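Read through the structure below, which is laid out as structure tokens, and then see the notes.
Quick note: the coordinates plus some simple rules give every number you see, no bench work behind them. Keep in mind that this is a model prediction, so the values were computed, not measured. Virtual Cβ from ideal backbone geometry, glycine too; neighbours counted across all protein chains shown.
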Amino acid sequence: MTDASGIDLAFLRGPGMARARHRLRVMKRFALPAPWRWRYIAEAKRSGLFDRTFYRGANPSLHALFRAFPERHYVTFGEAMGLRPNPDFSPRAYVGYNPDLKGQPAPFLHYLRAGRHEDRITKELPPVDECLPVRPPVLRGHARTAEFAVVVHIYYHEMWDEIAETLAEAGVDHDLFVTLTHKGAATEALMARIRESHPGAVLVPMPNHGRDIFPFLHLVNAGVLDGYRAICKLHTKKSPHRQDGDHWRRHLIGGILPGADTGPLLDRFLADPNAAFWVADGQHYTGDEWWGCNRQTVTHLLRRVEIRTGEFPLSFPAGSIYWLKPLMIAMLRGMALTEAIFEPEEGQVDGTLAHAVERALGHLVQAAGMTIAQTSQLIESGPPAAPVRPAFVTAAYLPQFHPTPENDAWWGKGFTEWTNVIRATPQFPGHRQPMLPGETGFYDLRLPEVMGMQARMARAAGVDAFCVYHYWFDGRRVLHEPLNRLLAETGTDFPFYLCWANESWRRNWDGLSGEVLMEQTYAEGFEAALAQDLMPYMSDPRYARPDGRRPRFVIYRPEDMPDPETNVARLRAAWRELGLGQVEIGAVRFHVGGEAPVAPHVFDFWIEMPPHGLVHGQDFLFGGPGGNRLGFDVAPGFEGLIYDYAGAMRNSLAPDRGRPKNLIAGVMPSWDNTARRGNRGHVAYGANPARFHHWLSRIGAARLPASYRGELFINAWNEWAEKAMLEPSEQYGRACLDVLAQWTGTGKPGGDGN
């Protein structure tokens, strides 16, 4: 059928004409945008944030007319299609990550007017909140032969000779690790050359992924950089986007490997306990102008080690060429970053996970209370002040890592503390649970050799004795098997003293509420019975006498006793009658609101056992009257408390006139009892080896001079279900032990006392 002009009416009604009508509507909409869209287009142009070159390059199929007016195309069609106005803004991600913008028709316009001033997420983030355990890569055939390591990443093969010459001129004995972006035969030929000139070098071909950052983290995760006093990180930095790329590289490398001066400057770097990185002059960048488009990725990245970006100003070692100390290696290992979450290499100049890691380093430094040292600062620095070291260090010790009939009956056959540990689940983004043991494995304390291994590790880190919890209920012992076997194994060196854990056992694991499993009743004459029961332990030559004369004994909950002053006096008398002589008796400074504290003079000393007494209302980040100040949501149903580890540290270091004069100052590596109490647990957010370093670095001058006999108490050695442990973990390795060894002055990183 045709009309009078001969036009096929079927064609008018068919798909060909439909397409024509659609094209006409598109062109009309493009040529005559609504007034609000004209204003939007003008704002986009004025902002300088619409990248015309990027938009055209990212969308090569655009019609020539649309390419001529890219802002108009984006506002009219592109935004609704999910296209990006610049590499760092995704309209779909912007709305998806910011639920209050649901239904927003112009996400980029909202960003221009408000979002860019509100620190909003603007693009898809790598899955850095998903803190799954990393299976460490296996690198075989490496044996540490030097105190220092040098790591070189080679992308530009022609620069190896320049770096090799610089290393030779520096004259520092080192183990060499080389990662190479694999380029087939050329890489194989370069590896052969390096093996010939450096026979002991460890060579690792790597994909072109994550720039120089992921190859370095690959070595970190493998553990091959553990145990060195310092590590030098280099790479063939060409920076083709900069006209001064070669000059910048030579400045970066020459600043930290300045020929014959390298050794003396390295000694100064090592002598300063608060210097975390050594960089060339001008390479310590500070100020918000250096965030680029990396702030949100850094924020999510740092959740893996429980650090909040708002705590610190931006400060970082720029250029990715520096010396760094073992604590920084441990914190990078703790992030557990795998190849899968690094973006494909596309020549990006900003905004990648590699750029975010570079900026995150400065937050690790500040969390540790450390600094970034530049070369001229090392040249001008004098010797650091001698630290105040503790006279005696104790770590609390839990013996519940073996099965008992009582626990079998209450919790199921074969229950030990490990049962709680492995059942733990994360309660918020970045929450590392379960926290699993590292090199010690899931040990059984019925084996005396395990306790011997623990004692060697502890001594190497400066721990003088373990304060072992003793469970005694009117003549009935529980969890006593490890110490009983130790007494029979006289060759195992395990210095210890006992703390009577005198609270009733309850199903809620807090000693305060829930069904009573085993009650502490304090029957008439319990003092003499307890003194008699303890004699085999207190008579053992390994039982600690910190003052050189008196055996030490601690009571965990003195307030629970019927008449603390009378009860303690009877205990002293009972031991004298048994021939033990004077006993140094102490107590944990831990009382519950509503209970009258025991008079300080009743005990020879008191123990500060964090977190008890060191968490105040203003320190709560989640729960309590403050609501949620974390900056992110917790798991549905979480009813516990999350408080600031740094706040507890500050409270510990602050002047406190209420402290008894005979108080032993205390610290904790971390605290998180969600393994025991699930969604009702209490968590010290921000606990990691860096923070532990900060606490130890300040407690010497702030607290030890007034601490009882200059002592330090650590909670704890192995409270795994409370995440309060010095023992090596899967996440951080030996980092807490190494930090303690530094501040007690007893050893080097990785020491085991053997």
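Just want the answer: with Cβ charges of +1 for Lys and Arg and -1 for Asp and Glu, which residue in Phe496, Pro597, Pro60 is farthest toward the dipole's positive end in the chain?
Positive-end residue among those listed: Pro60.
Any idea what the dipole of the stretch 493-582 comes to, in debye rounded to 20, about its Cα centre with Lys/Arg Cβ at +1 and Asp/Glu Cβ at -1? Walk me through the numbers on the way to the answer.
Numbers: 11 positive and 15 negative charges, 95 e Å.
So the magnitude is around 460 debye.
For Ala684, what is the net charge nearby, where nearby means another residue's Cβ is under 12 Å from its Cβ and Lys, Arg count +1, Asp, Glu -1? Provide the component values of the computation, followed by the final result.
Working: positive: Arg691, Lys723; negative: Glu306, Asp619, Asp644, Asp672, Glu722.
Local net charge: -3.
Select from the stretch 511-584 those trypsin sites (Lys or Arg not before Pro) which occupy a DSSP coil region and have at most 12 other Cβ atoms within 10 Å, ordered by residue number.
Details: sites: Arg542, Arg549, Arg552, Arg570, Arg572, Arg576; in loops: Arg542, Arg549.
When the trypsin sites (Lys or Arg not before Pro) of the stretch 511-584 are filtered for loop state and at most 12 Cβ neighbours within 10 Å, Arg549 remain.
Diagonalise the Cα gyration tensor of the stretch 590-705 and give the resulting equivalent ellipsoid semi-axes, square root of 5 times each eigenvalue, largest first, whole Å. Provide the component values of the computation, followed by the final result.
On the way: eigenvalues 145, 63, 30 Å².
The answer is 27, 18, 12 Å, longest axis first.
Using amide H atoms built 1.01 Å from N in the peptide plane, name the residues 5+ places from Gly438, or on other chains, whose amide H lies under 5 Å from its own.
Placed amide hydrogens put Ser729, Glu730 under 5 Å from Gly438.
For the chain, take N as its residue count and report Rg(C-alpha) divided by 2.2 N^0.38 Å.
Rounded to two decimals, the normalised Rg is 1.16.
If the cut-off is a Cα-Cα distance under 16 Å, which aspartates and glutamates reach Lys183, setting aside same-chain residues fewer than 8 apart in sequence?
Glu158, Asp212, Glu345
Leaving out same-chain residues fewer than 8 places away, which aspartates and glutamates sit with a Cα under 16 Å from that of Lys723?
The qualifying aspartates and glutamates are Glu306, Glu417, Asp510, Asp644, Asp672.
Report Rg (one decimal) and Dmax (nearest whole number) for the stretch 33-117, counting Cα atoms only, units Å.
Just the Cα atoms of the stretch 33-117 yield Rg and Dmax of 12.2, 37 Å.
For the stretch 148-380, what is the largest minus smallest coordinate of the Cα atoms on each principal axis, given in angstrom and ordered from greatest to least?
Reported extents, whole Å, longest axis first: 49, 42, 37.
Sort out for me the Cα centre separation of the stretch 387-426 from the stretch 441-513, rounded to whole Å.
Between the Cα centre of the stretch 387-426 and that of the stretch 441-513, the gap is 9 Å.
Explain nothing, just compute: Karplus ³J(HN,Hα) = 6.51 cos²θ - 1.76 cosθ + 1.60, θ = phi - 60°, for every residue of the stretch 309-323 in order, whole Hz, x for Gly and Pro.
Result, ordered by residue: 5, x, 6, 9, x, 5, 7, 7, x, 8, x, 6, 10, 5, 9 Hz.
Which Cα, out of Ile699, Tyr522, Ile585, lies furthest along the positive dipole direction of the stretch 392-744 (beta carbon charges, K/R +1, D/E -1)?
Sorting the options by dipole projection puts first Ile699.
Compute the orientation-averaged projected area for the stretch 392-744 from the convex hull of its Cα atoms and round it to one decimal in nm². Walk me through the numbers on the way to the answer.
Numbers: hull surface 67.5 nm².
Averaged projected hull area, Cα only: 16.9 nm².
Which of the lysines could a cross-linker bridge to Lys102, judged by Cα under 21 Å and excluding same-chain residues fewer than eight apart?
Output for Lys102: Lys123.
Pairs of Cα atoms under 8 Å, at least six residues apart: use those to get the relative contact order of the chain, whole percent.
On the way: 1337 pairs, mean separation 89.4, N = 754.
Reported as a whole number, the value is 12 percent.
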